[in-house]
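A short worksheet on the structure shown next.
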Amino acid sequence: MTTCSDAGPAIETSAPRKGLSPRAMNLIVLATFTIGFALMIMPWPALAQAVNVDLGKGGSLSGRVIQLIGLMTVLSLAPSIVIMSTSFIRIVVVLSLLRTALGLQQSPPNAVIISLALFLSAIVMAPTWERAYSEGIRPLMDQEMELPQAFDAASTPLKGFMLAQVDQKDLGLFVSLSKLTMPKDKMELPVRVVTPAFMISELKKAFEIGFLLFVPFLVIDLVVASVLSRGRLRLAG
């Protein structure tokens, strides 16, 4: 008598692997943060370079300090000076009025108009800026000229540009407001007189150009409105 027994596949059993306990993980994280914080607060050699302000030679220290303060003031007001002494005012006003004449509210946006006006102003003012740089700024950087002389030399081309565009009535108005006499050579006028006269003249010319651009669109609107009104009357009749 035979007995048969079924032998099943052998099942391998292994002990489960034990990972790090939560306490050990907390200790590792705490040690890592402690080492990192210790490295952060450790003193390290400073690599910063020394900053020296050269006030130039000659003259008193107080005078040089005043010149330095004046130079920093001019640099902080540089964007306003660029707007006041260039054709930016005329271009941006004309573009804004043209957008209004087209009946567009926010297209193109103000950022596009200002950027376009800046680039067009840079193209128009490039020869004047090159003269100002070569006659005033470069000699100052090469220490061939003092700051007052460099300012006069750099502002001369800008003054010539503004005088070529300014209206004589506006110039005479600001000369009288400043209680000065009109010289034979207008280049002798100070910048504080030429600049506001130039700005007023640029605004007047910008509105004149904007009006000339606005009139054709206004005529087109009137013609279209009259045609539509006639068609409406015929339909009503």
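At a glance:
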read-out	value
Ordering of 146-156, 210-220 by packing [mean C-beta count within 10 Å, highest first]	146-156, 210-220
Net charge contributed by nearby residues that have their C-beta within less than 14 Å of PHE211 (K/R +1, D/E -1)	+2
Using a Förster distance of 30 Å, the FRET efficiency for MET141-SER178 (Cβ separation, nearest 0.05)	0.40
Packing-based exposure ordering (other Cβ within 10 Å, fewest first) of MET162, MET25	MET25, MET162
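The numbers here are math on the coordinates, done by the rules we state, and not lab data. Keep in mind that this is a model prediction, so the values were computed, not measured. Counting neighbours? That spans all protein chains shown, and the Cβs are built from the backbone with ideal geometry, glycine included.
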